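**Student:** Just dropping this structure here.
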Amino acid sequence: MNQERLLTVLEGPHISEKATIVADGNGQYVFKVAIDATKLEVKKAVESFFSVKVDTVRTLIQKGKTKRTRHGMGKRKDVKKAYVRLIEGQEIDFLNQD
């Protein structure tokens, strides 16, 4: 994989109530990823940046909401999220990354 491409795949962790519940119960982590990222690219990026082994990756595209503005109707951009499950016994600590 191209190292520059891996740098653009992950946009950051997705922090929400559901993501926190999933992380505590199942050892999964939720990331916002590039809209054109593949599961294999997400797996390679997480493994290289956090030094962990990824078990599975599930992706979804969350459609942007339609909102009313003073200029008429507008639409927020679509967001792709990846649910990453790590091998048993491994975890990612977002607060103490070097």
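**Student:** Give the range 72-98 a look and list any residue that's farther than 20 Å from Ala34 by Cβ and modelled with pLDDT under 90, or say none.
**Tutor:** Glu88, Gly89, Gln90, Glu91, Asp93, Leu95, Asn96, Gln97, Asp98
**Student:** For the structure I just gave you, tell me whether Phe94 is in contact with a Pro (Cβ under 9 Å, 6 or more places away or on another chain) and surrounded by fewer than 14 Cβ atoms within 10 Å (Cβ to Cβ). Break it down stepwise before answering.
**Tutor:** On the way: in contact with a Pro (Cβ under 9 Å, 6 or more places away or on another chain): yes; surrounded by fewer than 14 Cβ atoms within 10 Å (Cβ to Cβ): yes.
Yes; evaluated as a whole, the condition is true for this residue.
**Student:** Across the range 53-89, what is the number of residues that are in contact with a helix residue (DSSP H, G or I) (Cβ under 9 Å, 6 or more places away or on another chain) and polar (S, T, N, Q)?
**Tutor:** Final tally of qualifying residues: 2.
**Student:** Further, regarding this structure: If we keep just the residues of the range 1-51 that are among the basic types (Lys, Arg) and more than 13 Å from Tyr83 (Cα to Cα), which is surrounded by the fewest Cβ atoms within 10 Å (Cβ to Cβ)?
**Tutor:** Residues of the range 1-51 that are among the basic types (Lys, Arg), as a first pass: 5, 18, 32, 39, 43-44.
Now narrow it down to the ones that are more than 13 Å from Tyr83 (Cα to Cα): 5, 44.
Values: Arg5: 13, Lys44: 17.
Top of the filtered list is Arg5.
**Student:** Another question, if that's okay. Look at the range 45-89 and say how many of its residues are aromatic (Phe, Trp, Tyr) and not in a helix (DSSP H, G or I). Talk me through it step by step, then tell me what you get.
**Tutor:** First, the residues of the range 45-89 that are aromatic (Phe, Trp, Tyr): 49-50, 83.
Narrowing further to those that are not in a helix (DSSP H, G or I): 83.
The total comes to 1.
The values are calculated or read from the model by the stated rules, or taken from the named source; none is laboratory data. From a predicted model like this one, the values you see are computed outputs, not experimental measurements. Note that we place each Cβ from the backbone using ideal geometry, even for glycine, and neighbour counts take in every protein chain shown.
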